[in-house]
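Engineer: Can you read through this structure? Questions will come right after.
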Ligand SMILES: Cc1ncc(COP(=O)(O)O)c(C=O)c1O
């Protein structure tokens, strides 16, 4: 049975065009700045987000860390959402390696932090306080179900930050999903932020890689921090080649993933025993839960679906995340909905004492 893997868009495999480009890539030593394929990708990336320069890094985690190390010193404070990927899932790297102090502000369900909460978190100068130095945003917002931050919101945060002498970093791992969902150019969503990181290895299907973008001076310093982290790579054009194909061919198709996510979400909404807020489904992620009256455990639910060939992640508190991506077709989504309905049908059949669906031998009625 072919598995329909909805755990993450990081499970995507490179396209044949990418493999071909990787095979043929012109290479050089990128630590000397001499890999023509990396240089081309970096120029394309900077242009796509409206920044002066870009730097190829190994992962989104490395990209965020490079940006934080470049924008903050030891003992400086970074303000970020309590559900930010950087706060929850990057092994505390900025604190461990950079001595950067995280100050969390509540994320709203739409992925924003309230401007008044951000402002209240910015500290005045005082010998007792860490220095507030940076605000981090995330677009789309992973833990908030792929929620999209608007151009207006990002501009308002930048205005607030800059007025207080702080910088803004945008974790734009999925910035192109946000741009496609809003029908705007990624440049607009990046606006006045001081640095942005985006990933090639998620919905854009590359095997490896992210880009850090900012001013020429920012990238010069970021390059040094990448080196500190051991991220200076040599003939890395072999990976950058896939990135060029991704930027040229894989951005517009993200709309298909969003349509599939919507279809899945509607199927979930129509399945008794599952709970979902359809308004929260904006891009390629679908977060849903087991309704209160359902007695199944989250582990049991995930295992039953896996038995039917559908993989997704449990994200705690009886909630789950399904992510659509390249390689997942509309047919796969229809099959996934069927699998969900069967699992929930079995559950209600068991609750009524009928045994598994398909077993018509009534047991105890
Ligand atoms: C919003 C966000 N930022 C950063 C990352 C880190 O990317 P990577 O897995 O390439 O380190 C992820 C990964 O899922 C993410 O969702």
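Computed from the coordinates by the stated procedures, all read-outs in this text should not be read as laboratory data. Small disclaimer: the values here were computed from a predicted structure and weren't measured. In this analysis, Cβ positions are derived from the backbone assuming ideal geometry, glycine residues included, and neighbour counts consider all displayed protein chains.
Engineer: Write down, largest first, the equivalent ellipsoid semi-axes of region 38-107 in whole Å, where each equals the square root of 5 times an eigenvalue of the alpha-carbon gyration tensor.
Structural biologist: Listed largest to smallest, the semi-axes of region 38-107 are 25, 13, 11 Å.
Engineer: Stokes-Einstein at 25 °C, 0.890 mPa s, Kirkwood radius from Cα pairs: D for region 261-327 in µm² s⁻¹?
Structural biologist: The diffusion coefficient I find is 201 µm²/s.
Engineer: Quick check on region 190-229: what are the equivalent-ellipsoid semi-axes from the Cα gyration tensor, as sqrt(5λ), descending, whole Å?
Structural biologist: Computed over region 190-229, the values are 20, 15, 6 Å.
Engineer: Normalising by the residue count of region 73-131, find the relative contact order in percent from Cα pairs under 8 Å and 6+ residues apart.
Structural biologist: Normalised by residue count, the contact order of region 73-131 is 38 percent.
Engineer: Specify the angular offset, from 0 to 90 degrees and rounded to the nearest 10, of the alpha carbon long axis of helix 216-228 from the longest principal axis of the alpha carbons in the chain.
Structural biologist: 70
Engineer: DSSP beta bridges in the chain, what fraction antiparallel, as a percent rounded to 5?
Structural biologist: 55
Engineer: Relative to the longest principal Cα axis of the chain, at what angle does helix 36-49 sit, 0 to 90 degrees, rounded to 10?
Structural biologist: Helix 36-49 sits roughly 80 degrees off the main axis of the chain.
Engineer: Quick one, can you get me the convex hull of the C-alpha atoms of region 200-278 expressed as volume per residue in Å³?
Structural biologist: Normalising the Cα hull of region 200-278 by residue number yields 157 Å³.
Engineer: Same structure, new question: Evaluate 2.2 N^0.38 Å with N set to the residue count of region 1-65, then give the Cα radius of gyration divided by it.
Structural biologist: Cα-based Rg divided by the globular estimate yields 1.42.
Engineer: So, one more: What is the calculated FRET efficiency for residue 269 to residue 2, with r their C-beta to C-beta distance and R₀ = 30 Å, to the nearest 0.05?
Structural biologist: After rounding, the FRET efficiency stands at 0.70.
Engineer: With 10 angstrom as the radius, rank 11, 78 by how many other C-beta atoms surround their C-beta, starting from the fewest.
Structural biologist: 11, 78
Engineer: For 104, 297, what's the fewest-to-most ordering of other Cβ within 10 Å of each Cβ?
Structural biologist: 297, 104
Engineer: Eigenvalues of the Cα gyration tensor times 5, then square-rooted: what semi-axes does that give for region 76-230, in whole angstrom, largest first?
Structural biologist: 23, 20, 15
Engineer: Using just the alpha carbons, could you tell me how many Å³ per residue the convex hull of the chain encloses?
Structural biologist: 138
Engineer: Continuing with this model, one more query. Could you sort 163-170, 210-217 so that the peptide with the highest average Cβ count within 10 Å comes first and the rest follow in order?
Structural biologist: My ranking of the peptides, most packed first, is 210-217, 163-170.
Engineer: Along its three principal axes, how long is region 1-141 when you only count alpha carbons? Whole Å, largest extent first please.
Structural biologist: In descending order, the Cα extents are 57, 47, 29 Å.
Engineer: How big is D, in µm² s⁻¹, for region 296-341 by Stokes-Einstein at 20 °C and 1.002 mPa s if Rh is the Kirkwood radius over C-alpha pairs?
Structural biologist: In µm²/s, the coefficient is 192.
Engineer: May I pose another question? Would you order 148, 302 from fewest to most other beta-carbon atoms within 10 Å of each residue's own beta-carbon?
Structural biologist: Placing the least packed residue first, the sequence is 302, 148.
Engineer: Order 49-62, 192-205 from most to least packed using the mean count of other Cβ atoms within 10 Å.
Structural biologist: Output ranking for 49-62, 192-205: 192-205, 49-62.
Engineer: Restricted to Cα positions, what overall size does region 63-143 have along the principal axes? Three whole-Å values, descending.
Structural biologist: 35, 28, 16
Engineer: If you don't mind, there's one more thing I want to ask. Using only Cα atoms and rounding to the nearest 10 degrees, what angle (0 to 90) does helix 151-163 make with the longest principal axis of the chain?
Structural biologist: 40
Engineer: Restricting to region 155-269, compute how many DSSP beta bridges are antiparallel as a %, nearest 5.
Structural biologist: In region 155-269, approximately 60 percent of DSSP beta bridges are antiparallel ones.
Engineer: What's the whole-number percent of alpha carbon pairs in region 169-326 lying beyond 27 angstrom?
Structural biologist: Percentage above 27 Å: 39.
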